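For reference, the structure discussed in these notes is given below.
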Amino acid sequence: MPESLFHVGLVRQVLRADWDGSVPLFREALSLAEPDGDVNLRAELHRHVGFHILLKDQRPDEALPYFEKSLELWRSLDRSGWVVSGLVALARCESLAGRHDDAVAHSGQAVELARREGLRQRYVTSAEEMKRIAEARQLGRD
């Protein structure tokens, strides 16, 4: 059941550009999947809810726990690409929340991991770009 809700939510979010219609589905799926449902699904649900709170609602401090949980779940599966993506998403959220030191640290970890694991260039590029943004915001803060 949570998988079906997630997929219907994706259709609404991606194909219909209906973020507001997708989030209730993601939240319901998350409530059904927690605490011991499929790890991949839970990680994705936390990520999607986090992005809605971050980008649509513009509340980065409230979005942080969702990105942290998503990253924790990806790390538990030891999937380097998803961990890099999770670190980049978390760094983006931290940067928008004004947590510049954390954003620089997490984006740096993403760059290191992507390079060390020999991931596709898109992972490296994404991590490097986030690191540049985080460092620029960090310097502008001082």
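Computed from the coordinates by the stated procedures, all read-outs in this text should not be read as laboratory data. Bear in mind that the values here come from a model prediction, so they are computed numbers and not experimental data. Cβ: placed from backbone, ideal geometry, glycine included. Neighbour counts: every protein chain shown.
One residue stands out among those in the range 52-70 that are crowded, with 24+ Cβ neighbours inside 10 Å and not aromatic (Phe, Trp, Tyr): the one that is nearest to the chain's Cα centre (by Cα), which is SER70. Among the residues making up the range 75-129, those that are assigned to a loop (DSSP other than H, G, I, E, B), within 19 Å of PRO60 (Cβ to Cβ) and not charged (D, E, K, R) are ALA97, GLY98. Taken as a whole, the range 108-124 holds no residue that is within 26 Å of VAL23 (Cα to Cα) and within 16 Å of the chain's Cα centre (by Cα). Here is a check on your reading of the model: is SER107 farther than 30 Å from ALA136 by Cα, in contact (Cβ under 8 Å) with a residue 24 or more places away in the chain and out of contact with any strand residue (DSSP E or B) (no Cβ under 9 Å at 6 or more places or on another chain)? Against the criterion (farther than 30 Å from ALA136 by Cα, in contact (Cβ under 8 Å) with a residue 24 or more places away in the chain and out of contact with any strand residue (DSSP E or B) (no Cβ under 9 Å at 6 or more places or on another chain)), SER107 does not qualify.
Scanning the range 49-60 turns up no residue that is assigned to a helix (DSSP H, G or I), more than 18 Å from LEU90 (Cβ to Cβ) and aliphatic (A, V, I, L, M).
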